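First the structure, in the form of structure tokens, and then the observations on it.
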Amino acid sequence: MIISKSRLNSSQTIQISGSKSISNRLLILESLFSNIKIGNLSNSQDTQLLRKALYSESETIDIHHAGTAMRFLTSYFSIQEGKTTILTGSGRMKERPIKNLVTALKSLGAEIEYLENDGFPPLKITGKKINQSKVDVPANISSQFITSLLLIAGKLENGLKINLIGEVTSRSYIEMTLSILSRFGIKNSFIGNTINVESLINNHSSTIYYEVESDWSSASYFYSFAAIGRETIHLKSFNKESTQGDSAIADIYEKYFGIKTVFTEEENKVSLQPIEGFQYPERIILNMNNCPDIAQTLCVTASALKTPFEISGLGTLKVKETDRLLALHNELKKLGVETVITDSAIKSVSFKSPQENISIKTYQDHRMAMSFAPFCLIKELNIEDENVVEKSYPMFWEDLSELLILK
């Protein structure tokens, strides 16, 4: 897809669908506890794949590229007594490690086999009753592994106590999961590195309705547009007191790029307003351990504005849809930005003129397509395989067409 050099159409309002992170958690809980109803469910491909898997009668479940679905369903199918499930996915999914989650589940008594390579999907899961209630888990693994365990905890006869070993990664995502559990009456605590979740097997409460807040990680791309294009953009539907870790984008973009977030609570709307006369920092030094999914967006914004950056806390990005740190390093070169990367950080080294004909590889990664799109405010660019956005934000290009005016 060629995106011509453009400018922003001021004061446009974009409606973003429900958060993928919240939607996927709610779908698991809805299937486990019959008294939950969901509104404003995400229209992302990942969420639709998870929903289809939960309703499927097939023994083999193929979740394609949906990493969240793979992780959440591994725990879910482990407690479906008497049901055998083959859980598989794409070629890339078979390269994404799942050993820490499987080891934790097996220590609790789950029956799971690796069908190809040890530590990786596909998995054969034989559902059974789990009576164990204590497990030790490395704290620096993906928060989705920990959330996967938390989502089934209320269905375990004795609840679940998770002891996190080491420094916790993406703590905000764990806290979001616990907040959702509390909403449905599943008592829990997170003190130090210990999480306790009580059992809720005998649940006979009335139906609980949950309206899913729009997705803050999807909102991040519009923060980038506002920061580069210096025009106000309105987004719906967002809460001021959000439990989503990626809502940190509001503070980050105000501090480093001069984009103020103004909430209009009666309309559930946020306005991204450029601060007049904003003084840009000489350098951005930031640990994004709690919100790694918005790091690509920030790096592209900083590159467009030629602001030096040093972003750490990104260890989980190497095992996403692609190695996102390597992908960023490769594609930022096309924007004229040289970087150095480690296993958990990226740092800008120099800024030069962008290439003449920029063509951004997406590496089967939705966030690569959307995070680089705002650079069209600087220079025309081609986004290869633009359909990857369906994974999390199928309407992205349509929404973008409302926002851009050709220069």
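The values are calculated or read from the model by the stated rules, or taken from the named source; none is laboratory data. It should be emphasised that the depicted structure is a prediction, and the values quoted were computed from it without experimental measurement. Positions of Cβ are generated from backbone atoms using ideal geometry, with glycine treated the same way; all protein chains shown enter the neighbour counts. Note: areas computed on protein heavy atoms with side chains; ligands, DNA, RNA excluded. Shrake-Rupley method; radii C 1.70, N 1.55, O 1.52, S 1.80 Å.
Just to compare against my own numbers: the Cα pair-distance distribution for the stretch 300-347, 5 Å bins, whole % per bin, please.
Result, from short to long distances: 5, 22, 33, 25, 13, 2 percent.
Based on the Cβ-Cβ distance from residue 208 to residue 15, what FRET efficiency comes out when R0 is 25 Å, to the nearest 0.05?
0.50
Using the alpha carbons of the stretch 208-254, what is the convex hull volume per residue in cubic angstrom, as a whole number?
75
Using the scaling law 2.2 N^0.38 Å as the reference, what is the normalised Cα Rg of the stretch 170-267?
Against the compact-globule rule of thumb, the ratio is 1.36.
Ranked from the most accessible area to the least, with a 1.4 Å probe and all protein chains present, what is the order of 216, 397?
397, 216
What is the distance in Å between the Cα centroid of the stretch 16-82 and that of the stretch 156-190?
Cα centroid to Cα centroid, the span is 18 Å.
If you project the alpha carbons of the stretch 211-315 onto the principal axes, what extent comes out on each, in Å, largest first?
38, 34, 16
Can you pull the Kirkwood radius for the chain, inverse mean 1/r over Cα pairs, to one decimal in Å?
It is 21.9 Å.
Would you mind checking 20/347; 255/391; 20/129; 260/333; 5/352; 52/269 for any pair whose Cα atoms are more than 27 angstrom apart?
Over 27 Å apart, Cα to Cα: 20/347; 255/391; 20/129; 260/333; 52/269.
Taking a probe of 1.4 angstrom, what is the accessible area of residue 395 in Å², to the nearest 10?
90
Tell me, rounded to the nearest percent, the portion of alpha carbon pairs in the stretch 42-112 spaced more than 15 Å apart.
More than 15 Å apart: 52 percent of the Cα pairs in the stretch 42-112.
Relative to the first principal axis of the alpha-carbon coordinates of the chain, what is the inclination of helix 20-32, with its axis defined by its Cα atoms, in degrees from 0 to 90 and to the nearest 10?
10
If you add up the charges near residue 179, with Lys and Arg at +1 and Asp and Glu at -1, over every other residue whose beta carbon is less than 11 angstrom from its beta carbon, what do you get?
0
Keeping the other protein chains in place, figure out the carbon and sulfur percent of the accessible area of the chain, with a 1.4 Å probe.
Result for the chain: 44 percent of the exposed heavy-atom area is carbon or sulfur.
Per the Kirkwood definition applied to all pairs of different Cα atoms, how many angstroms is the hydrodynamic radius of the stretch 254-315?
Computed over Cα pairs of the stretch 254-315, the Kirkwood hydrodynamic radius comes out at 13.1 Å.
For the chain, set up a Gaussian network in which alpha carbons nearer than 10 Å are linked by springs, and say which option among 233, 285, 16 fluctuates the most.
With Cα springs under 10 Å in the chain, the top fluctuation among 233, 285, 16 is at 285.
Below 8 Å, C-alpha to C-alpha, sequence gap of six or more: please give me the relative contact order for the stretch 314-396 in percent.
Taking the mean separation of contacting Cα pairs over the length of the stretch 314-396, I get 23 percent.
Rounded to the nearest 10 Å², what accessible area does residue 384 have for a 1.4 Å probe in the complete protein model?
70
Based solely on C-alpha atoms, express the radius of gyration and the Dmax of the stretch 357-397 in angstrom.
9.6, 27
Along its three principal axes, how long is the stretch 277-407 when you only count alpha carbons? Whole Å, largest extent first please.
Sorted from largest, the Cα extents of the stretch 277-407 read 36, 33, 28 Å.
Let me check the size of the stretch 141-226 from its C-alpha atoms; what are the radius of gyration and Dmax in Å?
Rg then Dmax for the stretch 141-226, in Å: 15.2, 50.
In whole angstrom, how long is each semi-axis of the equivalent ellipsoid of the stretch 1-54, when you take the square root of 5 times every eigenvalue of its Cα gyration tensor and sort them from largest down?
33, 14, 6
Under the rule a/c < 1.5 gives rounded, and otherwise a/b versus b/c splits prolate from oblate, where does the stretch 332-389 land using the Cα gyration tensor?
In terms of gyration-tensor shape, oblate.
For the pair residue 406 and residue 158, how long in nm is the line joining their label points, each one 7 Å along Cα→Cβ?
If labels sit at residue 406 and residue 158, their model points lie 6.8 nm apart.
How would the stretch 130-178 be classified by its alpha-carbon gyration tensor: rounded, prolate or oblate, with rounded meaning a/c under 1.5 and the a/b versus b/c comparison settling the rest?
oblate
Relative contact order for the stretch 1-136: what percent, with Cα pairs under 8 Å and sequence separation of 6 or more?
19
Mind ranking 276, 267 by accessible surface for me, highest first, 1.4 Å probe?
Largest to smallest exposure gives the sequence 276, 267.
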